[in-house]
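Supplied in structure tokens, the structure appears directly below.
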Amino acid sequence: MATIKCGNITFDNIQAIIFDKNGTLEDSETYLRSLAQRAARLIDAQVPGIGEPLLMAFGVNGSSLNPAGLIAVASRRETEVACAAYIAETGRGWFESLKIATQALDEAEKYIEQTPSPLFVGSLDLLKYLREGGLKLGILSAATTEEVHNFVANHQLNDYIQLEMGVDEGPSKPDPVLFLQACQALEVEPGATLMVGDSVGDMQMARNAKAAGCIGITWVGKSDNIRGADVVINQLDEIQILED
């Protein structure tokens, strides 16, 4: 077990740290914004007039992305359903609306996923440092499990990450069952596990699962997005192991 220090907060008897992916380890803003813009255009081509409202729902405003917006924090299934709801408002049937939304998101992903999003500065060094310090590490993302696997493979993180978990079917963040499942897979207790994330959903999920603590990271300097965090950091290297 280890003692983890962030700012003036310490967490004792820690065995594992679970990280969110988008916006925490991965600088995915450009990818997510492009995905939202592409999907909105594809849907607007079939349902004229819906593109701009969809972009607002996604959290995209020009060249900026709201880190608390739909495209940034929702699961793929939640995004499909939200898009379909906007389409259904035009009078189309629900199943047709869902089909249009799903196909547009599929096509948008295939079009823009050629280049992996970069890691945030310090992500690789931190994972290596924590793993060498004896901690178990996992990723729990609202992205699909396949996307998490691809992220770990693309950035060659297999030596450091023991759990690659996304949201496919079933509950999504902030349902605490996800955190409990992640801890079970890592064979650790929630009370010996920290959550590191960039959204309110990450914090709520971990708190309701009785995690040892919640570390909120705000690369963009907006602490409102991580309300409920025990401590807020601006760089990953603020997570340190205290030596005995």
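The values are calculated or read from the model by the stated rules, or taken from the named source; none is laboratory data. All of these numbers come straight from a predicted model, not from anything done at the bench. Note that each Cβ is placed from the backbone with ideal geometry, even for glycine, and that neighbours are counted across all protein chains shown.
Test Ala185 against the criterion of being at negative phi, buried (at least 17 other Cβ atoms within 10 Å of the Cβ), at pLDDT 95 or above and of a type in the set (Gly, Ala, Ser), and give yes or no.
On the way: at negative phi: yes; buried (at least 17 other Cβ atoms within 10 Å of the Cβ): no; at pLDDT 95 or above: yes; of a type in the set (Gly, Ala, Ser): yes.
Taking the combined requirement at face value, the residue does not satisfy it.
Report yes if Ala39 is crowded, with 21+ Cβ neighbours inside 10 Å, in contact with a Lys or Arg (Cβ under 6 Å, 6 or more places away or on another chain) and in contact (Cβ under 8 Å) with a residue 60 or more places away in the chain, otherwise no. Break it down stepwise before answering.
Details: crowded, with 21+ Cβ neighbours inside 10 Å: yes; in contact with a Lys or Arg (Cβ under 6 Å, 6 or more places away or on another chain): no; in contact (Cβ under 8 Å) with a residue 60 or more places away in the chain: yes.
Judged against the criteria, Ala39 is not a match.
Follow-up question, since we're still on this one. For segment 79-169, give me every one of the helices (runs of 4 or more DSSP H) that falls completely inside it and has 1 or more residues that are touching a residue at least 24 places away in the same chain (Cβ under 8 Å), of a type outside the set (Gly, Ala, Ser) and over 19 Å from Val196 (Cα atoms).
94-112, 145-154
Moving on. For segment 175-207, which residues satisfy the criterion of being more than 13 Å from the chain's Cα centre (by Cα) and either not in a helix (DSSP H, G or I) or not assigned by TED's automatic domain parsing to the domain that holds Asp12 (or both)?
Within segment 175-207, Asp175, Glu187, Val188, Glu189, Thr193, Leu194 meet the criteria.
Sticking with this structure for a sec: For segment 149-182, which residues satisfy the criterion of being within 24 Å of Gly69 (Cβ to Cβ), surrounded by fewer than 17 Cβ atoms within 10 Å (Cβ to Cβ) and among the polar types (S, T, N, Q)?
Asn150
Scan segment 50-64 and report the pairs whose first residue is over 12 Å from Glu29 (Cβ atoms) and whose second residue is charged (D, E, K, R), with Cβ atoms within less than 7 Å and a gap of 6+ or a chain change.
Filtered contacts from segment 50-64: Ile50/Asp44; Gly51/Arg41; Gly51/Asp44.
Sticking with this structure for a sec: In segment 1-54, what residues are part of a loop (DSSP other than H, G, I, E, B) and of a type in the set (A, V, I, L, M, F, W, C)?
Looking only at segment 1-54, we keep the residues that are part of a loop (DSSP other than H, G, I, E, B), and these are 1, 7-8, 15, 20-21, 23-25, 27-28, 47-50.
Passing the criteria: Met1, Leu25, Val47, Ile50.
Being at pLDDT 95 or above and within 30 Å of Glu189 (Cβ to Cβ) narrows it down to one residue among Ala74, Ala16, Ala45; which is it? Explain how you work it out, then say what you get.
Numbers: Ala74 fails: at pLDDT 95 or above; Ala45 fails: within 30 Å of Glu189 (Cβ to Cβ).
Just one listed residue meets the conditions, Ala16.
Being at pLDDT 90 or above and among the small types (Gly, Ala, Ser) is the filter; apply it to segment 208-227 and report the residue that is nearest to the chain's Cα centre (by Cα). First the steps, then the outcome.
Narrowing segment 208-227 to residues at pLDDT 90 or above: 208-217.
Keeping just the survivors that are among the small types (Gly, Ala, Ser) gives 209, 211-213, 216.
On the way: Ala209: 17, Ala211: 18, Ala212: 20, Gly213: 18, Gly216: 12 Å.
Result: Gly216.
On to the next question. Collect the residues in segment 60-78 that are under 15 Å from the mean Cα position of the chain (by Cα) and in a loop (DSSP other than H, G, I, E, B), keeping them in residue-number order.
Within segment 60-78, the first condition is being under 15 Å from the mean Cα position of the chain (by Cα), and the residues that meet it are 65-78.
Answer for segment 60-78, where residues must be under 15 Å from the mean Cα position of the chain (by Cα) and in a loop (DSSP other than H, G, I, E, B): Asn66, Pro67, Ala68, Gly69, Ala74, Ser75.
Related question: Can you tell me which of (1) closer than 24 Å to Arg76 by Cβ; (2) of a type outside the set (A, V, I, L, M); (3) at pLDDT below 90 is the one Asp175 doesn't meet?
(3)
Right, something else. Within segment 34-83, which residues are over 16 Å from Ser141 (Cβ atoms) and of a type in the set (Ser, Thr, Tyr)?
Those that are over 16 Å from Ser141 (Cβ atoms) and of a type in the set (Ser, Thr, Tyr): Ser34, Ser63, Ser64.
Condition first: assigned by TED's automatic domain parsing to the domain that holds Gln235, at pLDDT 95 or above, aliphatic (A, V, I, L, M) and over 24 Å from Lys173 (Cα atoms). Can you find one or more residues in segment 136-155 that meet it?
no
So that you can scan it fast, the table gives a plain yes or no per residue for (1) under 23 Å from Lys173 (Cα atoms); (2) in contact with a helix residue (DSSP H, G or I) (Cβ under 7 Å, 6 or more places away or on another chain):
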residue: Ala104; (1), (2): no, yes
residue: Glu109; (1), (2): yes, yes
residue: Ile112; (1), (2): no, yes
residue: Thr115; (1), (2): no, no
residue: Val121; (1), (2): no, no
